[in-house]
Amino acid sequence: MKISVLLSLCLLALPAFAQSPAVAPANPLVSSTKMVYGITKNDVLKAAEEMPEENYSFKPVATVRTFGELVAHVADAQYEFCGPVGDGTKSPGIEKNKTSKADLIAALKEGFAYCDKTYAGLTDSHAADIVKFFNMNSPKLTILGFNNAHNMEHYGNMVTYLRIKGLVPPSSQKSN
């Protein structure tokens, strides 16, 4: 009996929801990609901050990057992906030049700040503009989508490293 009452109330409420259409942001394509980028940026940055300094040289096996090298790689990648979409800035070679946790987090924040400007400057009307990306012609928005995928790929690596060290990754921590 209770389920049928609840179902009836839900069905009665449907017309009210149907009458209020969602208002799209000014640039829905770029805005939604930027929202996902914000999630990836937050997860990667929090993971970098979560890992203690002494574990930045940790790697589970000899054939993979250290945790610090992962952070540096993601920092460098912000320029590799956002450069072609934005002003063309090239990576400063963070992976080859930085090793301390403080330097790597600062470089990661700078890389994300660079991408933040790229996102802020892109509109849907230019999202399909074609640019060179690793010797291929690609739409700008596709490159930014690839950046999100790349960030999360390496966040997944970071999660494994954190868990091996007995730490809870940011995306699994309870929010207060």
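Do the sum for the chain: with -39,500 (n - 2.57) for every DSSP H run of n ≥ 4, divided by all residues, what is the mean residue ellipticity at 222 nm, to the nearest 500 deg cm²/dmol?
Value at 222 nm, helices only: -21500 deg cm²/dmol.
Show me the ranking of peptides 87-97, 104-114, 127-137, 27-37 by mean Cβ neighbours inside 10 Å, starting with the highest.
In decreasing order of mean packing, 87-97, 104-114, 127-137, 27-37 become 104-114, 27-37, 87-97, 127-137.
What lysines sit close enough to Lys34 to cross-link, taking a C-alpha to C-alpha distance under 17 Å and skipping anything fewer than 8 places away on the same chain?
Leaving aside lysines fewer than 8 places away in the same chain, those within reach of Lys34 are Lys109, Lys117, Lys140.
If we count other beta carbons within 10 Å of each Cβ, what is the order of Val64, Val74, Val44, fewest first?
Final ranking by Cβ density, sparse to dense: Val64, Val44, Val74.
Based on the Cβ-Cβ distance from Val168 to Ala120, what FRET efficiency comes out when R0 is 22 Å, to the nearest 0.05?
It comes out at approximately 0.10.
Every read-out reported here was derived from the displayed coordinates using simple, explicitly stated rules and does not represent laboratory data. Keep in mind it's a predicted model, so treat the numbers as computed, not measured. FYI the Cβ positions are ideal-geometry reconstructions off the backbone, even for glycines, and counts take in every protein chain you see.
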